[in-house]
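Chemist: I have a structure I would like to understand better, so I am pasting it below and will then ask my questions one at a time.
The values are calculated or read from the model by the stated rules, or taken from the named source; none is laboratory data. From a predicted model like this one, the values you see are computed outputs, not experimental measurements. Here the Cβ positions follow ideal geometry from the backbone for every residue, glycine too, while neighbour counts run over all protein chains shown.
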Amino acid sequence: MDDLDQVPNVLACDVGNTNIRLACVCGDDVSDVRVVSVNDSDLLTDAVAELWQSMGEPRRVVAASVNPTAAKTLEAAVDHSIGQQMLLVGRELALPIATDLPAPEAVGTDRLCAAVAAFDRLGNACIIADFGTAITIDCVNDAGVFLGGAILPGVAMAADSLADRTAQLPRVAPAEPANVFGKNTVEAIQAGLVALARGALRDRVEAYANELGHWPLVICTGGDAQLVVGDLQHSELVQAIVPDLTLRGIAMAYYKSLLK
């Protein structure tokens, strides 16, 4: 970005399975983050128009998506509300980070965007854990190459699965349990859900560290990151929680295209 005469404003859009996150990004500044359900096309159209009007020129709409249907809804909202072309990472825009994968185009672009933003911030090997509808735990090496990672059910998805696949267990909202020992069914489920995510993170961090030969930094994002990490000041595993990490990476994908 330092080589650009003028850093463009980017309306960054992270199209997920449940929600679409939008924000105004200009260089390292992220502002006015909105979260809209993938099913609320009217609110989405309004959000795109409002954010676009708040941004100065030059400006572009850039998106990364793991949900093709929702991406089409967003693209229609962009065309209808502001009459602009939406640039999609992996379609109009090249993938933003080098990979050591046989088919990088098949990897979720949200994972790659979060990874490039994390490496840009940290400058060395790092692990990126995204606690959203699904949990992804990925690794980038010291050369800035995306090595791959792991995908598992998110905390809420695991809670829904327990309720749907058992006869008597209730549907429980994920939360930090009140006791280490669950004193009732709800507390026991909450304890298990959090332990599942925390255990997966620790397991993958240790495995990746063994492969790399040293302990990489760990950066977390996603709606359940705070629940899983807990008190960051007392975490021995996680160095940072960055809620807008993927949005930053989406903008970076566009900036990188301008420097080629």
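Chemist: Of E187, E176, which residue is of a type in the set (D, E, K, R) and more than 30 Å from V15 (Cα to Cα)?
Modeler: Working: E176 fails: more than 30 Å from V15 (Cα to Cα).
Of E187, E176, the one residue that is of a type in the set (D, E, K, R) and more than 30 Å from V15 (Cα to Cα) is E187.
Chemist: Is there a residue in region 109-116 that is part of a strand (DSSP E or B) and at pLDDT 95 or above?
Modeler: Just the residues of region 109-116 that are part of a strand (DSSP E or B), to begin with: none.
Among the residues of region 109-116, not one is part of a strand (DSSP E or B) and at pLDDT 95 or above, which makes the answer no.
Chemist: Only one of (1) over 24 Å from C139 (Cα atoms); (2) without any contact (Cβ under 8 Å) to a residue 40 or more places away in the chain; (3) out of contact with any helix residue (DSSP H, G or I) (no Cβ under 8 Å at 6 or more places or on another chain) fails for R91. Which number is that?
Modeler: If we test R91 against (1) over 24 Å from C139 (Cα atoms); (2) without any contact (Cβ under 8 Å) to a residue 40 or more places away in the chain; (3) out of contact with any helix residue (DSSP H, G or I) (no Cβ under 8 Å at 6 or more places or on another chain), just (1) comes out false.
Chemist: Name the single residue that is nearest to R121 (Cα to Cα) among those in region 1-58 being small (G, A, S) and in a helix (DSSP H, G or I). Reasoning before the result, please.
Modeler: So the first thing to find is which residues in region 1-58 are small (G, A, S), and the list is 12, 16, 23, 27, 31, 37, 41, 47, 49, 54, 56.
From what's left, in a helix (DSSP H, G or I): 41, 47, 49, 54.
Working: S41: 33, A47: 28, A49: 30, S54: 26 Å.
Ranking the qualifying residues of region 1-58, first place goes to S54.
Chemist: Going by what's in this entry, would L147 be described as within 28 Å of the chain's Cα centre (by Cα) and either of a type in the set (K, R) or farther than 30 Å from L95 by Cβ (or both)? Quick ask: steps written out before the conclusion?
Modeler: Details: within 28 Å of the chain's Cα centre (by Cα): yes; either of a type in the set (K, R) or farther than 30 Å from L95 by Cβ (or both): no.
No: the conditions fail for L147.
Chemist: A further question on this structure: Name the residue that is surrounded by the most Cβ atoms within 10 Å (Cβ to Cβ), counting only residues in region 119-128 that are out of contact with any Asp or Glu (no Cβ under 8 Å at 6 or more places or on another chain) and on the phi < 0 side of the Ramachandran plot.
Modeler: Within region 119-128, the subset out of contact with any Asp or Glu (no Cβ under 8 Å at 6 or more places or on another chain) is 119-123, 126.
Subsequent filtering for residues that are on the phi < 0 side of the Ramachandran plot retains 119-122, 126.
On the way: F119: 26, D120: 16, R121: 15, L122: 17, C126: 23.
Selected residue: F119.
Chemist: Mind listing whichever residues of region 230-260 are farther than 30 Å from G199 by Cβ and loosely packed, with under 15 Cβ neighbours inside 10 Å?
Modeler: Matches in region 230-260: L258, L259, K260.
Chemist: Answer yes or no as to whether V66 is outside the structural domain of P153 (by TED's automatic domain parsing) and touching a His at 6+ places or on another chain (Cβ under 9 Å).
Modeler: So V66 does not fit the description; no.
Chemist: Inside region 133-152, can you point out the residues that are within 15 Å of A195 (Cα to Cα) and either buried (at least 17 other Cβ atoms within 10 Å of the Cβ) or outside the structural domain of A191 (by TED's automatic domain parsing) (or both)?
Modeler: Residues of region 133-152 within 15 Å of A195 (Cα to Cα): 135, 152.
Listed by number, the list holds a single entry, I135.
Chemist: Okay, next question. Which residue is farthest from V228 (Cα to Cα), if the candidates are limited to region 174-216 and must be under 21 Å from the mean Cα position of the chain (by Cα) and assigned to a loop (DSSP other than H, G, I, E, B)?
Modeler: The residue in question is P216.
Chemist: Let me ask something else. Quick one: which residue in A167, A163 is assigned to a loop (DSSP other than H, G, I, E, B), surrounded by fewer than 23 Cβ atoms within 10 Å (Cβ to Cβ) and either free of Cβ contacts under 8 Å to residues at least 40 places away in the same chain or within 14 Å of the chain's Cα centre (by Cα) (or both)? Before the answer, list the steps.
Modeler: Details: A163 fails: assigned to a loop (DSSP other than H, G, I, E, B).
Matching residue, one of A167, A163: A167.
Chemist: What are the residues in region 232-255 that are at pLDDT below 95 and in a helix (DSSP H, G or I), if any?
Modeler: L232, Q233, H234
Chemist: Out of curiosity, is D29 free of Cβ contacts under 8 Å to residues at least 12 places away in the same chain, over 16 Å from R248 (Cα atoms) and under 22 Å from the mean Cα position of the chain (by Cα)? Spell out the reasoning first.
Modeler: Values: free of Cβ contacts under 8 Å to residues at least 12 places away in the same chain: yes; over 16 Å from R248 (Cα atoms): no; under 22 Å from the mean Cα position of the chain (by Cα): yes.
In short, no.
Chemist: Scan region 149-167 and give yes if some residue there is among the hydrophobic types (A, V, I, L, M, F, W, C), within 20 Å of N19 (Cα to Cα) and out of contact with any strand residue (DSSP E or B) (no Cβ under 9 Å at 6 or more places or on another chain), otherwise no.
Modeler: Initially, region 149-167 is screened for residues among the hydrophobic types (A, V, I, L, M, F, W, C), giving 150-152, 155-159, 162-163, 167.
Applying the additional criterion that residues be within 20 Å of N19 (Cα to Cα) yields 151-152, 155-159.
Remaining after also requiring out of contact with any strand residue (DSSP E or B) (no Cβ under 9 Å at 6 or more places or on another chain): 156, 159.
Yes - at least one qualifying residue is present in region 149-167.
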